[in-house]
Amino acid sequence: MKLDGIIPAIVTPFDRDGDVNYTELKKLTQLLLEEGADGFYVTGSTGECFLLTDEERTRVVAAVAETVNGKVPVIAHIGKIGASQAANLAREARKAGASAVSSVPPFYYNFQTDEIAVYYEKISDAADLPVVIYNIPQFSGVSINADNMTEIIGRSRIEGLKYTDLNLYELERIRRKFPQIKIMFGKDESLLYALPAGVDGAIGSTYNFTLKLFKKIWNAYRQGQLQEAEKLQHEANIMISEMLRVKNIIAAEKYLLGKKGIQCGNCRAPFRPLTEEEKHILDGIGDIN
């Protein structure tokens, strides 16, 4: 599997009744393909994974995979707390056309490293696909680091790591210790500052509507145009700062996608709809290219 470049972690569009809108999902996938997406990360945090049923998660993977038609990888997040449940979802994701599966570490019960390793082992065995660990300690409460990755990798077919954390020291340690692992950075506002640590690319939420801008950052850095890359990162961060005023960044992304002709609806409860004041803030962001 080719895992590099700029990969959107796509939203899950809903219709007015709160059901998954597969037509708009395919439109979004096609739009991002045309804008240069190097892959798709589906049913992750941005996709409201834990607010979807297992059947919906599998159908979302199938819809994206059908639209992509093998052009770029489709990484399906199948994270659960239970290993068996995650393994079953991994099997279904493979049948639906996923190129790889990904998961947050099992959370809530303060699992030990050996138990986390068993979780990824069961996913790896069930999926018979490359596995991408999803490190997002801010929400999972579990931190994947250079020390505990040794045991996890020793038991599973781990090929990638989605590193959504600002601890660049730990990122460098992981890069140095595991040169064979593809590392995808997950903090959009700090992408440029993670690139010198040797990441292979990025999987990001805001790439749903800023894909062209972040592709420019990626390409400028790789071409040694550091001042241009920094200018572009500043532009991106001004926009992200405005989005963060809304608090629910997923809802903000869905609203902004509506301006590009992709109707994504509201997030599912208990998320609340955007207020008129929040929409006014987002209206001031303008077009992102």
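For the range 26-36, what are the residues that are of a type outside the set (D, E, K, R) and either surrounded by fewer than 22 Cβ atoms within 10 Å (Cβ to Cβ) or touching a Cys at 6+ places or on another chain (Cβ under 9 Å) (or both)?
Of the residues in the range 26-36, the ones of a type outside the set (D, E, K, R) are 28-33, 36.
Within the range 26-36, L28, Q30, L31, L33, G36 qualify.
Under 6 Å by Cβ, and 6 or more places apart or on different chains, what pairs join a residue from the range 188-215 that is in contact (Cβ under 8 Å) with a residue 12 or more places away in the chain and on the phi > 0 side of the Ramachandran plot with one that is outside any helix (DSSP H, G or I) and of a type in the set (A, V, I, L, M, F, W, C)?
Close Cβ pairs satisfying both conditions: G201/M184.
Just name the residue that is nearest to the chain's Cα centre (by Cα) out of those in the range 184-209 that are of a type in the set (S, T, Y) and assigned to a helix (DSSP H, G or I). Give the steps one after another, and end with the answer.
Pass one, the range 184-209, residues of a type in the set (S, T, Y): 190, 193, 205-207.
From what's left, assigned to a helix (DSSP H, G or I): 190, 193, 207.
Details: S190: 15, Y193: 19, Y207: 9 Å.
Among those residues, the one meeting the criterion is Y207.
Pick out the one residue from V61, V11 that is crowded, with 17+ Cβ neighbours inside 10 Å, out of contact with any Cys (no Cβ under 6 Å at 6 or more places or on another chain) and at pLDDT 95 or above. Walk me through how you get there before you give the answer.
Numbers: V11 fails: out of contact with any Cys (no Cβ under 6 Å at 6 or more places or on another chain).
The conditions single out V61.
So if I check each of I153, I174, I75, I116, which one is β-branched (V, I, T), over 30 Å from E34 (Cβ atoms) and touching a Pro at 6+ places or on another chain (Cβ under 9 Å)?
Numbers: I153 fails: touching a Pro at 6+ places or on another chain (Cβ under 9 Å); I174 fails: touching a Pro at 6+ places or on another chain (Cβ under 9 Å); I75 fails: over 30 Å from E34 (Cβ atoms).
So the residue among I153, I174, I75, I116 that is β-branched (V, I, T), over 30 Å from E34 (Cβ atoms) and touching a Pro at 6+ places or on another chain (Cβ under 9 Å) is I116.
When you scan the range 8-22, how many residues do you find that are touching a residue at least 60 places away in the same chain (Cβ under 8 Å), in a strand (DSSP E or B) and within 18 Å of A96 (Cβ to Cβ)?
Here the count works out to 1.
Does N266 satisfy being free of Cβ contacts under 8 Å to residues at least 40 places away in the same chain, under 24 Å from V60 (Cβ atoms) and within 21 Å of the chain's Cα centre (by Cα)? Full working, then the answer.
On the way: free of Cβ contacts under 8 Å to residues at least 40 places away in the same chain: no; under 24 Å from V60 (Cβ atoms): yes; within 21 Å of the chain's Cα centre (by Cα): yes.
No.
Scan the range 150-167 for residues that are under 20 Å from the mean Cα position of the chain (by Cα) and either surrounded by 18 or more Cβ atoms within 10 Å (Cβ to Cβ) or of a type in the set (D, E, K, R) (or both) and jot them down. Talk me through it step by step, then tell me what you get.
Initially, the range 150-167 is screened for residues under 20 Å from the mean Cα position of the chain (by Cα), giving 157-167.
Within the range 150-167, R157, I158, E159, G160, L161, K162, Y163, T164, D165 qualify.
On the given criteria, is L25 among the hydrophobic types (A, V, I, L, M, F, W, C), closer than 24 Å to D200 by Cα, in a helix (DSSP H, G or I) and touching a Ser or Thr at 6+ places or on another chain (Cβ under 8 Å)?
Values: among the hydrophobic types (A, V, I, L, M, F, W, C): yes; closer than 24 Å to D200 by Cα: no; in a helix (DSSP H, G or I): yes; touching a Ser or Thr at 6+ places or on another chain (Cβ under 8 Å): yes.
When the stated conditions are applied, L25 does not pass them.
Any chance you could count how many residues in the range 140-167 are within 21 Å of A9 (Cβ to Cβ) and assigned to a helix (DSSP H, G or I)?
Filtering the range 140-167 for residues within 21 Å of A9 (Cβ to Cβ) gives 140-144, 158-167.
Okay, now just the ones that are also assigned to a helix (DSSP H, G or I), so 140.
Here the count works out to 1.
Taking the range 254-263, which residues are under 19 Å from the mean Cα position of the chain (by Cα) and not hydrophobic (A, V, I, L, M, F, W, C)?
Within the range 254-263, K254, Y255 meet the criteria.
Kindly list, by first and then second residue, each pair from a residue in the range 238-262 that is touching a residue at least 60 places away in the same chain (Cβ under 8 Å) and among the charged types (D, E, K, R) to a residue that is surrounded by 14 or more Cβ atoms within 10 Å (Cβ to Cβ) and in a helix (DSSP H, G or I), limited to pairs with Cβ atoms under 8 Å and residues at least 6 apart or on different chains.
Pairs that qualify, where the first residue is touching a residue at least 60 places away in the same chain (Cβ under 8 Å) and among the charged types (D, E, K, R) and the partner is surrounded by 14 or more Cβ atoms within 10 Å (Cβ to Cβ) and in a helix (DSSP H, G or I), are E253/N208; E253/F209; E253/M243; K260/L31; K260/F209.
Of all residues in the range 64-82, which are buried (at least 22 other Cβ atoms within 10 Å of the Cβ) and either in contact (Cβ under 8 Å) with a residue 60 or more places away in the chain or among the polar types (S, T, N, Q) (or both)?
P73, I75
Looking at I262, I281, I240, can you tell me which residue is in a helix (DSSP H, G or I) and in contact with a Lys or Arg (Cβ under 8 Å, 6 or more places away or on another chain)? Explain how you work it out, then say what you get.
On the way: I262 fails: in a helix (DSSP H, G or I); I240 fails: in contact with a Lys or Arg (Cβ under 8 Å, 6 or more places away or on another chain).
None of the other options fit; the residue is I281.
The values are calculated or read from the model by the stated rules, or taken from the named source; none is laboratory data. Keep in mind it's a predicted model, so treat the numbers as computed, not measured. Please note: Cβ atoms are built from the backbone with ideal geometry, for glycine as well, and neighbour counts cover all protein chains shown.
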